[in-house]
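To start, the structure itself, in structure tokens.
The values are calculated or read from the model by the stated rules, or taken from the named source; none is laboratory data. It should be emphasised that the depicted structure is a prediction, and the values quoted were computed from it without experimental measurement. Here Cβ is always computed from backbone atoms with ideal geometry, including for glycine, and neighbour counts include all displayed protein chains.
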Amino acid sequence: MRHSRLSFISVVLVVLISFPVWGDDLFDLDSGFGFEDEEEAEASSIFDAEPEAKPKEEAKAAPQTARLEIGEAAADVEGEKELRDLSIERRRRIKVVQRKEFHKAGRFEIGVDVGMIGGDWENVLVAGARMAYHLNEHLALQGRFLYGAVSWENETLKQADEADAYVAKSNMTLAGGLSLVFTPFYGKLSFFGNFIPKYDINVSAGGFFYQTRAEDKHQSVDAITNNNGAFQIGFAPRFFIGKNASLSVNCDWFIMKDTRPRQEGGESSYLKSDFMVTLNASMFLPFDR
């Protein structure tokens, strides 16, 4: 009985003494967490190093991201401030879908015209000049002078000659007047993706002095010179060249009362309407840089 007690006490002591030794093997940080060889211990140390490296990388990236966000916010604030501080001059240049690169307000326009008037019996080659002052981007006051330089028979007059009919023709010799020009459209076009011209379209209306020479084709009666007042309406698409020049195609109608000689003597009055097409090249002053 006594020996059995001694044996039980001996076993308990051995267990209590051995447990700390086994615990050292299982939880010793320097020994590789209880792995059997050094390679497994090194592998475990590599995996354990990654969680420690991530916070460092995130710590480095966080200030950079913060700096970018602060820079973007500062740029937004500066952009908003620039829009608020736009002067009237700059607002005028960007009041379109895209930046308006050509402006006319407060500038003079000087140009030349070359074209043709389609008459009832003859066509007339005209040359002229114009000058305009642009009150703003949409309105301008324009003065024009036109001279009927050369006339030639059209097909209608040739047919009258074949029928030996009496013809009293009346052709423009001089014209000049004032008109108000309204420009509601401005835009840009793209030709083949590379050439992007700027354009506008204007309409005009005004009063003109309109001189005509009326005569019989065979000059069997005296010719008549008429000094008429005419009403003019027109429209013109214009393409801008740089910031100081433009090309436009002008279509104008002139309506006036006209007088022509009669074959049996005396005179007859008519309501005359002439249609004119001209090509205009103009320059704007002062120059815009």
(message) Looking only at segment 246-267, count every residue that is touching a residue at least 24 places away in the same chain (Cβ under 8 Å) and more than 23 Å from residue 149 (Cα to Cα) and tell me the total.
(response) 5
(request) Give segment 107-121 a look and list any residue that's in contact with a Leu (Cβ under 8 Å, 6 or more places away or on another chain) and not in a strand (DSSP E or B), or say none. (result) 107, 121
(request) Being touching a residue at least 40 places away in the same chain (Cβ under 8 Å) and polar (S, T, N, Q) is the filter here, so list the residues in segment 175-201 that pass it. (result) 179, 183
(message) Take the conditions out of contact with any His (no Cβ under 8 Å at 6 or more places or on another chain), more than 30 Å from residue 263 (Cα to Cα) and at pLDDT below 95 and apply them to residue 181. Does it pass?
(response) no
(request) State the number of residues belonging to segment 248-275 that are closer than 16 Å to residue 120 by Cα and touching a Phe, Trp or Tyr at 6+ places or on another chain (Cβ under 7 Å). (result) 9
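Residues that are surrounded by 14 or more Cβ atoms within 10 Å (Cβ to Cβ) and among the hydroxyl-bearing types (Ser, Thr, Tyr): find the strands (runs of 3 or more DSSP E) completely inside segment 184-289 holding 3 or more of those. Talk me through it step by step, then tell me what you get.
On the way: elements: 198-216, 224-241, 245-261, 267-285.
Strands (runs of 3 or more DSSP E) meeting the threshold: 198-216, 245-261, 267-285.
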